[in-house]
1. Could you give every pair whose Cβ atoms fall below 8 Å, whose first residue belongs to segment 9-23 and is closer than 19 Å to residue 98 by Cα, and whose second residue is of a type in the set (Val, Ile, Thr) and surrounded by 12 or more Cβ atoms within 10 Å (Cβ to Cβ), counting only separations of at least 6 or pairs across chains?
2. May I ask you to list the residues in segment 54-75 that are over 21 Å from residue 41 (Cα atoms), surrounded by 11 or more Cβ atoms within 10 Å (Cβ to Cβ) and within 30 Å of the chain's Cα centre (by Cα)?
3. The conditions are (1) under 30 Å from residue 10 (Cβ atoms); (2) at pLDDT 90 or above, and residue 77 fails exactly one of them. Which is it?
4. Which count do you get for residues in segment 82-99 that are in a helix (DSSP H, G or I) and surrounded by 11 or more Cβ atoms within 10 Å (Cβ to Cβ)?
5. Take residue 41 and decide whether it is over 22 Å from the mean Cα position of the chain (by Cα), surrounded by 12 or more Cβ atoms within 10 Å (Cβ to Cβ) and outside any helix (DSSP H, G or I).
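The values are calculated or read from the model by the stated rules, or taken from the named source; none is laboratory data. Everything quoted here is computed from the prediction, not taken from an experiment. We place every Cβ from the backbone using ideal geometry, glycine too, and count neighbours over all the protein chains shown.
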Amino acid sequence: MTQATIHQKNRLYLIAAIILLIGLGSSMLIYLTGSDDSGNALGYMIINGQAYPIMPEDSKMYRHDLQVYGGTYSVLADKLMRWFSSLWHGQQLAYTVAVITLLISLGFFVIARTSPSELPRDSNTHRKSDQEEDVS
């Protein structure tokens, strides 16, 4: 294993570790400072002393109207769209950042782990040096 290969692998491991530390630190900061948005709640339901917001899209009337105007697929598309948009707000964003960080860091780690142990030699350079030795 050449010095350049070892240096390249160490750089990739270092990049993976830096991405992991910065990403998980950021997600922890987002989790601690983020709050769930319930500004457009219709009301609140209290269960065992805990208040839960009632959102307009959770009502039966909303879902019924959506199904009447757009069909069953529009109800499913609305649920999917609301789920996807919820990934980028509040404390749910912390989980999203953590998962993306883990995937990217794992990618760098796998690349470093599976990179070849030795750099391939240039065959033309090797042949020229052999021919020069034969001539002299």
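1. Within 8 Å, the pairs are 19/101; 19/104; 20/101; 22/101; 23/97; 23/100; 23/101; 23/104.
2. 74
3. Among (1) under 30 Å from residue 10 (Cβ atoms); (2) at pLDDT 90 or above, the lone unmet condition for residue 77 is (1).
4. Residues meeting the conditions: 12.
5. Here the answer is yes, as residue 41 does meet what is asked.
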